[in-house]
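This report concerns only the one structure given below.
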Amino acid sequence: MRVRDGRWPGWGADAGLGVLTFVPALLSQPYADSSGPAWVSLTTYEAVGVVVLLLRRRMPATAFVVGFGALLAALVGSAGEGAKLSPLVFLPLAVLLYNLGRHGVSQRRTVSAVLGVSVLSVAGLWLNRMTTDSGDFRGGLDVLAVLAPMPLAWVMGFAARTRQELLLAAERRAADACRAQALEAAHATQRERTRRRAAGPPRPAGRRHRLPRRHRPRRLR
């Protein structure tokens, strides 16, 4: 794998991000709950998450909604079976939120994605209340405490996109200034050539005619 211009290839970056995003939850799941329903919910969620992660740049808003829906289904489904998932299952959501701020250039789609996620949250909370009676498996302040810092990921992505847009705008202005300077220099050269052609070729300087010695006037003493 070669690094060009200080950047990793796209597939290399996706592979590294996938490992850092999904492997921690797999490693920590035995300490949270090692039951069969917990592993089924986790593996299904992460399989969907890998596909969503690969499509995040092309469809940032859709990837965010689908990823959040898969996470919500895994949490509600495992809670209904009396199982718990590792808190690290929220890492992909942070990645998708950052990606939404970084690549979500359409404000309409971003607002639609946020509204869709809000509707899914209300529906998931209702299903959670309907499918479990134990307070240990009902979403409450513990889930809210994990979700509260998530908007910071979107802010970081938006800040990165804004910075890149400013750099690109500065590069365009510098390129325009260089082109304008080169064009002005070309115009000045053309004007100088036109002026020289209008003036004609320079006349050769003739030799000064000197009178013979006998015809020279004598100096008065």
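Brief remarks on what is shown
- Heavy atoms of the protein chains alone define the surface here; on that basis segment 56-159 has 56 Å² accessible area per residue at 1.4 Å probe size.
- Note on Asp142: accessible area is roughly 100 Å² with a 1.4 Å probe, heavy atoms of protein only.
- At full extension, Leu115 and Met150 could sit 11.0 nm farther apart than now, given 0.36 nm per residue minus the alpha carbon distance.
- Cα gyration tensor shape for segment 80-126, rounded if a/c is under 1.5, else prolate or oblate: oblate
- List Trp11, Trp39, ordered by accessible area with a 1.4 Å probe, largest first: Trp11, Trp39
- Counting only protein heavy atoms and a probe of 1.4 Å, the accessible surface of segment 1-118 is 64% carbon and sulfur.
- Computed FRET value (nearest 0.05) for Arg193 with Leu168, which takes r as the C-beta separation and R₀ as 30 Å: 0.20
- Thr62 sits among other residues whose Cβ lies under 11 Å from its own Cβ, and their net charge, with Lys and Arg +1 and Asp and Glu -1, is +3.
- Karplus-based coupling profile of segment 110-118, in residue order and whole Hz: 5, 5, 5, 5, 5, 5, x, 5, 5, with θ = phi - 60° in 6.51 cos²θ - 1.76 cosθ + 1.60 and x standing for Gly or Pro.
The values are calculated or read from the model by the stated rules, or taken from the named source; none is laboratory data. This one's a predicted model, so the numbers in the text were calculated from it and none came from an experiment. Using ideal geometry, Cβ is built from the backbone for each residue, glycine included, and neighbour counts are taken over all protein chains shown. For the accessible areas, the whole protein counts, side chains as well, though only heavy atoms, and no ligand, DNA or RNA atoms are used. Shrake-Rupley method; radii C 1.70, N 1.55, O 1.52, S 1.80 Å.
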